Every structure is written in C-alpha cells, then in structure tokens.
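Student: Below is one structure. I have some questions about it.
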Amino acid sequence: MDKIEIIGGTPLEGRIPIAGAKNACLALMPAAILSDKPLTLMNAPRLSDIQTMGNLLESLGVEVKSLQSGQVITLSAHGPLKHLADYDIVRKMRASILVLGPLLARQGQAVVSQPGGCAIGARPIDLHLYALERLGADWELKGGYVHVTAKDGLKGGVIEFPTVSVGATENAVMAATLAIGTTEIRNAAKEPEISDLAVCLGRMGAVIEGAGTDVIRIRGVTELGGATHPVIPDRIEMGTYMLAAAMTGGNVELAGAKRELVEAFAAKLEEAGAVIEDDGKSLRVRVNPGGLSAVNVVTEPYPGFPTDLQAQMMAALAIADGTSILDEQIFENRFMHVPELTRMGADINTRSGTATVKGVRKLKGAQVMATDLRASVSLVLAGLAAEGTTTVSRVYHLDRGYEQIEKKLSSCGAKIRRIGS
C-alpha cells in the first residue's frame with residue numbers, strides 16, 4: 001500500500017492548475033444514460049473515483065472512451081443497457097447511487113447495490129428513494145440491492161425534501177428530465193455541482209429552471225440528445241491548495257480557480273489572515289505577516305462553509321494563533337482525522353460535533369494514517385507545515401479526489417514523494 005512522505009517547512013511558491021470538479025463529474029457521467037447520443041465531458045479530473053464510475057457505466061452497457069490522458073471523456077449509451085449495478089463496483093463509492101435516477105428514467109427499472117465509500121457518517125439513500133417515489137416509482141430492498149420500478153413510466157410531481165441532499169437532488173433532476181409532465185423540487189441542494197449538471201442537461205435538451213436555488217422546476221421531454229460540456233473547477237481542490245499556501249507562508253497562484261465557488265470559505269480564510277487576489281482567471285493566495293489567527297467555523301450546505309473543507313481547515317487552525325471552535329453540522333462522524341493530527345502535536349478536543357482547536361507554534365512530523373478522502377489531505381497539509389518528516393499511509397483515499405497531488409505540490413517547492421508498497 002502506497003505512502004506519501006513529506007519533509008515540512010518549505011513555503012510553497014508557484015502555480016497550481018485546478019482540475020475539473022470530482023463531484024460534478026461523478027454526476028455528469030451517469031447523465032449519459034439518459035440519451036442514446038454521445039456526451040463528451042471536457043476538463044474531467046484524472047482520479048480513481050472517475051475510473052470507478054467509468055467502470056460502473058461500462059458494466060451497464062455504456063461505451064466510455066478516455067482521450068487526452070483522461071481529461072476528455074466521451075460516453076455513449078447507444079446500445080442495449082443493463083439495469084443491474086453490481087455490488088463489487090458500487091461498494092467502492094457512494095456516488096454510484098447516481099445511476100439510479102437515469103436508469104429508471106430510461107429503462108423503467110433499476111437494481112442498484114447499496115453503496116459504499118468513506119466511513120464519515122450514515123448517509124442513507126432514503127431521500128433518493130423518496131424522490132423517485134414522488135415521481136411514481138415503486139421500490140423494495142432485497143439482499144442488499146434496491147429494486148426500483150416505474151412500470152408506466154415516471155410522472156412529474158412535487159418533491160419536497162425534509163433535509164437538503166446533493167445526491168438526492170441530482171438523482172431527482174436526472175430522473176425528472178424524461179418524466180411525463182412537470183416536476184418541482186423544493187428544498188433542493190444549491191451546490192455549484194447541481195447548477196453544472198443542469199447546464200449540461202440543458203445542452204442535451206432538458207428544460208430546467210431554478211438550479212442553484214432551493215426550488216428547481218423540470219419540464220419532462222420525450223428524449224435527450226448529445227452534448228459537449230466542460231466540467232467546472234473543483235472547489236474542494238481549490239480550497240485545499242489555498243490552505244496549503246497559507247499554512248506554509250507561501251505565495252501560490254491557482255490557475256482556473258473561481259472565488260465565487262468558495263466564497264464562504266474564502267471569506268473565513270481571509271478572516272484568519274490570508275490575502276486572496278482574484279484577477280478573474282486565477283486566485284493568488286498568501287498570508288499576512290504573523291501567520292494565521294484563530295477563527296470559528298460552522299459547516300453548512302452551500303453556500304455556507306463546505307464540510308469537505310472542514311478537515312483541511314482544522315489542520316490550518318491547529319497552527320493558528322489562539323483558540324478556534326469548529327462545528328461540523330453535516331456529517332456526524334467527520335472528526336476521524338483528529339487523533340492523527342494530535343499525533344503531530346495538535347491540541348484538539350472534540351465533543352459530539354464540535355472541535356476546540358488551540359493553536360500551537362509548530363506541528364511535528366510523525367507517521368499518520370488516512371481514514372477518508374478529506375482527512376487524508378488534511379494530514380498532507382499538516383505535514384507541509386510541520387517540522388521534520390511526516391509519512392501518511394493509506395493514501396489510496398487521496399487518489400480518489402486529488403489529481404497528481406505530489407506533482408502539483410512539488411512544482412511549488414514542496415518536499416513530497418510517494419513511496420510504493
């Protein structure tokens with residue numbers, strides 16, 4: 001199993017290109033099921049999760065072609081499609097559940113294994129099934145598989161989510177594009193990935209209004225066509241490298257970064273002492289003299305502070321001046337990185353969903369272990385800012401969400417290398 005070794009203490013200086021958004025691409029790829037015409041995605045990130053989704057779609061009968069070293073993906077569901085999403089693939093990634101809505105809309109049936117992925121909370125699929133029920137589907141759970149049918153086709157309806165869910169919103173939007181009549185989704189997720197999906201579906205011929213707000217309306221059409229669509233920049237990768245620059249006292253340009261995708265995070269980072277310059281094409285990040293200062297953070301659905309940047313922000317607050325309070329409001333089990341950060345000298349106490357972080361002057365390099373995707377990169381950030389050598393094990397988590405992370409960081413002066421198993 002690979003490890004990453006980091007010798008900390010070097011300020012990052014240089015330019016890092018931001019990849020396409022993983023979470024956007026994982027929703028865009030299943031949208032190809034909705035049409036028998038090709039869907040081409042530009043600026044696709046080169047990640048293991050993207051490969052896993054490609055493998056899943058191929059197992060369903062979708063033709064998947066990767067060009068330009070994986071940055072262009074063409075998907076075509078022109079042939080016969082299967083409706084069974086097998087456990088052996090689905091168990092690797094929660095986003096696999098996003099084939100459910102498109103399969104049901106196109107085939108009238110879907111059998112999908114209950115998904116796996118990072119162990120950061122229960123994250124049930126009940127909201128996905130609720131949404132499809134509201135469109136006329138029936139379902140039952142048998143042997144670890146969800147069997148969903150719509151014998152007479154899907155029909156537009158009102159879907160009012162009791163809580164905000166990005167994945168359930170995406171599944172509902174995709175399913176509704178081919179439903180008969182109009183669908184209204186209330187308390188919809190507002191993440192940029194939802195808006196990106198709606199733009200792509202619109203290019204395919206869908207009629208969607210309100211994406212990016214809490215009410216989305218979809219008028220069903222009889223068929224969708226093909227399209228070419230550029231994936232939006234990855235806001236979580238963007239925020240991660242913004243923190244890397246600030247934590248190391250560096251000065252880094254993030255090419256292709258868009259501040260509006262991370263506004264709440266950027267404002268909080270500026271409050272902590274970072275300087276962020278926006279020229280419309282990139283962001284440049286450095287830190288004020290004296291380093292970072294303590295701030296309080298509450299994770300919230302978009303446009304609030306992203307839960308996917310909580311672990312990285314905690315690593316930064318571990319070396320900030322003063323005491324910070326960090327409330328995790330999205331996932332109930334997302335502090336698994338805390339014991340590993342404390343191995344590096346961080347002073348963090350947790351109680352329920354709240355972490356109290358007392359900044360220390362320096363973290364110390366140590367052997368640490370990644371527990372999930374965002375926790376793993378928080379340990380990399382801590383290693384960049386620490387004294388001595390940090391070795392992060394179980395970095396297969398990193399490969400799910402960060403494209404060429406060692407190359408990007410080393411290009412800015414980081415002393416980082418991957419050690420093969």
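Rule-based calculations on the coordinates, nothing more; no lab input. These figures come from a predicted structure and were not determined experimentally. All Cβ positions, even for glycine, are placed from backbone atoms using ideal geometry, and neighbour counts span all protein chains on display.
Student: Lysines near LYS364 by alpha-carbon distance under 21 Å, same-chain residues fewer than 8 away left out - which ones?
Tutor: Answer for LYS364, where 21 Å is the Cα cut-off: LYS3, LYS415, listed by chain and number.
Student: How far, in degrees from 0 to 90, does helix 48-59 lean away from the longest principal axis of the Cα atoms of the chain, to the nearest 10?
Tutor: Here the helix axis deviates by roughly 20 degrees.
Student: For every other residue with a beta carbon closer than 11 angstrom to the beta carbon of GLU387, add +1 if it is Lys or Arg and -1 if Asp or Glu, then tell me the sum.
Tutor: Summing Lys/Arg as +1 and Asp/Glu as -1 gives +3.
Student: Once you mark the trypsin sites (Lys or Arg not before Pro) that are in a DSSP loop and have at most 11 other Cβ atoms within 10 Å, what is the longest gap between them in the chain?
Tutor: 1-150
Student: Which of CYS25, CYS412 has the fewest other C-beta atoms within 10 Å, and how do the rest follow up to the most?
Tutor: Exposure proxy ranking, most exposed first: CYS412, CYS25.
Student: Suppose only helical runs count, i.e. DSSP H with n ≥ 4. What mean residue ellipticity at 222 nm does that imply for the chain under -39500 (n - 2.57) per run, divided by all residues and rounded to the nearest 500 deg cm²/dmol?
Tutor: -8500 deg cm²/dmol
Student: Quick check: net charge around SER324, other residues with Cβ under 12 Å of its Cβ, Lys/Arg +1 and Asp/Glu -1?
Tutor: Neighbourhood net charge equals -2.
Student: If each residue's Cβ is checked for other Cβ atoms within 10 Å, how do ASP327, ASP196, ASP234 rank with the fewest at the top?
Tutor: Fewest-to-most Cβ neighbours within 10 Å comes out as ASP327, ASP196, ASP234.
Student: Convex hull volume of the Cα atoms in the chain, per residue, in Å³?
Tutor: 124 Å³
Student: Compare the Cα positions of LEU103, TYR87, ALA264 along the charge dipole of the chain (+1 at Cβ of Lys, Arg; -1 at Cβ of Asp, Glu; about the Cα centre) and return the one farthest towards the positive end.
Tutor: TYR87
Student: What percent antiparallel are the DSSP beta bridges of the chain, to the nearest 5?
Tutor: In the chain, DSSP labels about 70 percent of beta bridges as antiparallel.
Student: Shifting gears a bit: When DSSP beta bridges are limited to those with both residues in the stretch 22-230, what percentage is antiparallel, rounded to the nearest 5?
Tutor: Antiparallel: roughly 70 percent of the beta bridges in the stretch 22-230.
Student: Right, something else. Identify which of PRO289, PRO115, PRO306 has the largest mean-square fluctuation in a Gaussian network model of the chain, with springs joining Cα atoms closer than 10 Å.
Tutor: Looking only at PRO289, PRO115, PRO306, the biggest GNM fluctuation is shown by PRO289.
Student: Report the Rg/Rh value for the stretch 274-421, based on alpha-carbon coordinates and the Kirkwood definition of Rh.
Tutor: Reported Rg/Rh (Cα atoms, Kirkwood Rh): 0.95.
Student: For the pairs LYS258/LYS362; LYS268/LYS358; LYS22/LYS281; LYS155/LYS190; LYS22/LYS408; LYS22/LYS407, note any where the Cα-Cα span goes beyond 27 Å.
Tutor: Exceeds cut-off: LYS258/LYS362.
Student: Based on the alpha-carbon gyration tensor of the stretch 22-230, what equivalent-ellipsoid semi-axes (square roots of 5 times the eigenvalues) come out, in whole Å, largest first?
Tutor: Result for the stretch 22-230: semi-axes of 22, 20, 17 Å.
Student: Oh, and also: Summing Lys, Arg as +1 and Asp, Glu as -1, what charge do residues with Cβ under 13 Å from the Cβ of VAL377 carry, VAL377 excluded?
Tutor: -3
Student: Still on this structure, please answer the following. Can you give the longest stretch of the chain with no exposed loop site, where a site means GluC sites (Glu not before Pro) in a DSSP loop (not H, G, I, E or B) with at most 14 other C-beta atoms within 10 Å?
Tutor: That gives 1-222 as the longest site-free run.
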